[in-house]
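Right, one structure below, let's go through it.
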Amino acid sequence: MAEPKVKYDRQLRIWGEQGQAALEKSSICLLNSGPTGSETLKNLVLGGIGSITVVDGSKVEEGDLGNNFMVDESSIGQSKAKCVCSFLQELNDAVKAKFIEEYPEELIETNPSFFSQFTLVVATQLVEDSMIKLDRICREANVILIFARSYGLAGFVRISFKEHTVIESKPEHFLDDLRLNNPWPELKSLAEGIELNVQDPVAHKHIPYVIILVKVADEWAKSHGGALPSTREEKREFKELIKARMRGQDEDNYKEAIEASFKVFSPQGISSDLQQIVNDSSAEVDSNSSDFWVLVAALKEFIANEGGGETPLEGSIPDMTSSTEQYVNLQNIYQKKAEADIVAIERRVRSILKKIGRDSNSIPRTTIKSFCKNSRKLKICRFRLIEDEFNSPNLPELQKYLTDEDFSTAVGIYILLRAVDRFAANYNSFPGQYESAMEEDIPRLKSTASGLLNDLGCNGATLAEDLINEMCRFGAAELHAVAALVGGIASQEIIKLITRQFVPMSGTFIFNGIDHKSQLLSL
């Protein structure tokens, strides 16, 4: 067997050893092992998830061979859960796999405590009634739940969990933490010791742009009553000041300073998103608070005291034109400040832990260090109970989606995926499941969807006839291509949730295979 570092080399570059360790410790329960569930688990098994439990009471039928690559002709008549589990185990023998030959709906009704043993439950192809019951069970047990469903050319993915906190949100675009508009004493001192009017042309073209901007910003502030550029005209003048110091077109450091001048204009202090987090009632911690909220409580104290309104410094600087000596000096200044901030936060974390009656060393320094480095990018995701969304959706948003040309098909699919469950409860089959009943099923589904819209407060709203016809034509079929896409989306979100890296999607994901579109609905 390959060493884990070699085996998972590519993904380790994305979420690191800490993320991989979280995956390897997790246990996943899959409900229903059709193509949607099988494709979801396949991605997780290949990624090195700790253990999987497949729950499905059905047997493999001939029709399964056309949409599920994890069963073959020899599987017909056998337990579907067993066959899928066996196939998945072959993909990665480091993953512990077991199966339970029982229908998920029965398990939800008769043994709700079963689900509390898992890190996360993946519920595929469940109808509305079972979704609501399972959501309540998982919410009470503090188990992450993700719903996934493929239905013809339509797909649905929805996360449900009381609160998910993210330290390593890893946004694609985020401003470097250079503090050019609020330099600390050591950075100011370093800048003061470097002369911009140095006569040596080689030295002049190797002054780091950070130093150029700190010095020019200081000059500007002294001549403008302590204020930095704020209007468009002032920002243009500031850039001209930098440009005036250039001695030739080959001075890349000055070009970098002009390009990066917007970093001087950015507002000081913390963002409104972070302000919301530190002001959250959960930041008032007690012995039951999670490590995340203890860290936030320490951060709040730091911002009000040592930080002077700022978060801990990240401590890294980007590449720039510079002499080696000056770059190393600059790097050291940033790293020393970042380390001092970590020490200050750690002191506060230990003090808070002691105050709330917990072991003062229960949060490791590596976690505190990661928190400090990412403190500007913290994220909190809170998900509504699916029952609340189904019974009381955000009505203005729902009405907007129904009348918005860009979202009308996505929200139509969302409504119809709920309507088909009502239809099945009333007529004991899904619309279009039997070709002979297609003529009757179309008006029945239309009527069911209208009734649902009325119940949600959208009186008089209608869905496109073509979409209703398509939904009937789907006949509740799971198409492998759609299942693979929905399973891919679900597994991607599961990895985000387990590793606590990147931000999981906060709404209801709808895949529209008719128009090849994916959209998020916030309901």
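The values are calculated or read from the model by the stated rules, or taken from the named source; none is laboratory data. Worth saying up front: this structure is predicted, and the values here are computed from it rather than measured. A quick note on method: Cβ atoms are made from the backbone with ideal geometry, for glycine too, and the neighbour counts reach across all protein chains shown. Keep in mind that these areas ignore ligands, DNA and RNA; they rest on the heavy atoms of the full protein, side chains included. Shrake-Rupley method; radii C 1.70, N 1.55, O 1.52, S 1.80 Å.
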Which listed residue is open to solvent by 10 Å² or more (accessible area, probe 1.4 Å) and assigned to a loop (DSSP other than H, G, I, E, B), from ALA227, ALA221
ALA227
Here the residues within segment 371-415 that are hydroxyl-bearing (Ser, Thr, Tyr) and surrounded by fewer than 17 Cβ atoms within 10 Å (Cβ to Cβ) are SER392, THR403, SER408
Which ones in segment 415-433 are outside any helix (DSSP H, G or I) and free of Cβ contacts under 8 Å to residues at least 40 places away in the same chain?
ASN428, SER429
Considering segment 275-314 alone, what residues qualify as being under 24 Å from TYR334 (Cβ atoms), assigned to a loop (DSSP other than H, G, I, E, B) and open to solvent by 10 Å² or more (accessible area, probe 1.4 Å)?
ASN305, GLU306, GLY307, GLY308, GLY309, GLU310, GLU314
Please determine whether any residue of segment 404-414 is among the aromatic types (Phe, Trp, Tyr), over 14 Å from LEU453 (Cα atoms), part of a loop (DSSP other than H, G, I, E, B) and in contact (Cβ under 8 Å) with a residue 60 or more places away in the chain.
yes
Per the filter on segment 69-104, residues open to solvent by 40 Å² or more (accessible area, probe 1.4 Å) and charged (D, E, K, R) are ASP72, GLU73, LYS82, GLU90, ASP93, LYS96, LYS98, GLU101, GLU102
Residues of segment 243-254 satisfying the condition of being more than 20 Å from PRO318 (Cα to Cα) and open to solvent by less than 60 Å² (accessible area, probe 1.4 Å):
ARG245, MET246, GLY248
Need the failing condition index for LYS222 against (1) more than 41 Å from the chain's Cα centre (by Cα); (2) among the basic types (Lys, Arg); (3) within 30 Å of LYS369 (Cβ to Cβ), just the number.
(3)
Restrict the check to segment 197-207 and report whether at least one residue is over 19 Å from ARG247 (Cβ atoms), outside any loop (DSSP other than H, G, I, E, B) and open to solvent by less than 20 Å² (accessible area, probe 1.4 Å).
no
How many residues are within 30 Å of GLU397 (Cα to Cα) and either hydrophobic (A, V, I, L, M, F, W, C) or surrounded by fewer than 19 Cβ atoms within 10 Å (Cβ to Cβ) (or both) when one looks only at segment 422-449?
12
Taking the criterion of being outside any strand (DSSP E or B) and more than 23 Å from VAL482 (Cβ to Cβ), would at least one residue in segment 34-47 satisfy it?
no
Would you be able to tell me the number of residues in segment 55-68 that are part of a loop (DSSP other than H, G, I, E, B) and crowded, with 16+ Cβ neighbours inside 10 Å?
5
Mind checking which residues of segment 225-251 are within 39 Å of the chain's Cα centre (by Cα), within 19 Å of ALA191 (Cα to Cα) and among the charged types (D, E, K, R)?
LYS239
